[in-house]
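To start, the structure under review is shown below, and the notes come after it.
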Amino acid sequence: MTTTTTAVTATATDRPAERTGARTPEAAELIGGARERIDALDDRIIGLVQERIAVSAVIQEARISSGGRRVNLSREMEILSHYRDALGAPGTSLAMTLLELSRGRA
């Protein structure tokens, strides 16, 4: 009687921990789906930030062409407060980043 063994090559999906940190295929599948959702949300967030930058440029142009300053510090403080109230201390950092992106070039 001859016994034959077949080598099985493991793929990334056979080893869920390598891509997701999960220890079971079920958890890996759940994590994979959730990551796809996060990627889609990130794409939407990036699009919204780009839209915010464009709207801010329109506001700045109108303000400057009417003799005003490029930046309205009291408005920026309102935005910082809004984000802090909604998201806590990290919201302030996020708002600062958005403001920096939206200010354009001096």
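Give me the pairs: first residue in segment 57-79 and free of Cβ contacts under 8 Å to residues at least 12 places away in the same chain, second residue part of a loop (DSSP other than H, G, I, E, B) and open to solvent by less than 100 Å² (accessible area, probe 1.4 Å), beta-carbon distance under 6 Å, and six or more apart or on different chains, which are they?
Close Cβ pairs satisfying both conditions: I64/R70.
Please indicate, with yes or no, whether at least one residue in segment 65-72 is on the phi > 0 side of the Ramachandran plot and of a type outside the set (S, T, N, Q).
The first filter runs over segment 65-72 and keeps only residues on the phi > 0 side of the Ramachandran plot, leaving 67.
Narrowing the set further to residues that are of a type outside the set (S, T, N, Q) leaves 67.
So far as segment 65-72 goes, yes, one or more of its residues are on the phi > 0 side of the Ramachandran plot and of a type outside the set (S, T, N, Q).
Taking segment 87-106, which residues are open to solvent by less than 80 Å² (accessible area, probe 1.4 Å) and touching a residue at least 24 places away in the same chain (Cβ under 8 Å)?
Of everything in segment 87-106, those that are open to solvent by less than 80 Å² (accessible area, probe 1.4 Å) and touching a residue at least 24 places away in the same chain (Cβ under 8 Å) turn out to be L98, S102, R103, G104.
For the structure I just gave you, tell me whether E61 is part of a helix (DSSP H, G or I), of a type in the set (D, E) and under 18 Å from L99 (Cβ atoms). Give the derivation first.
Details: part of a helix (DSSP H, G or I): yes; of a type in the set (D, E): yes; under 18 Å from L99 (Cβ atoms): yes.
Yes.
Residue-wise test of (1) in contact with a Pro (Cβ under 7 Å, 6 or more places away or on another chain); (2) open to solvent by less than 50 Å² (accessible area, probe 1.4 Å); (3) at pLDDT 95 or above; (4) not in a helix (DSSP H, G or I).
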{"site": "A10", "(1), (2), (3), (4)": "no, yes, no, yes"}
{"site": "T13", "(1), (2), (3), (4)": "no, no, no, yes"}
{"site": "A27", "(1), (2), (3), (4)": "yes, yes, no, no"}
{"site": "R35", "(1), (2), (3), (4)": "no, no, yes, no"}
{"site": "A40", "(1), (2), (3), (4)": "no, yes, yes, no"}
{"site": "I45", "(1), (2), (3), (4)": "no, no, yes, no"}
{"site": "R52", "(1), (2), (3), (4)": "no, no, yes, no"}
{"site": "V55", "(1), (2), (3), (4)": "no, no, yes, no"}
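The values are calculated or read from the model by the stated rules, or taken from the named source; none is laboratory data. Keep in mind it's a predicted model, so treat the numbers as computed, not measured. Virtual Cβ from ideal backbone geometry, glycine too; neighbours counted across all protein chains shown. Ligands, DNA and RNA are excluded from the accessible area calculation, which covers all protein heavy atoms including side chains. Shrake-Rupley method; radii C 1.70, N 1.55, O 1.52, S 1.80 Å.
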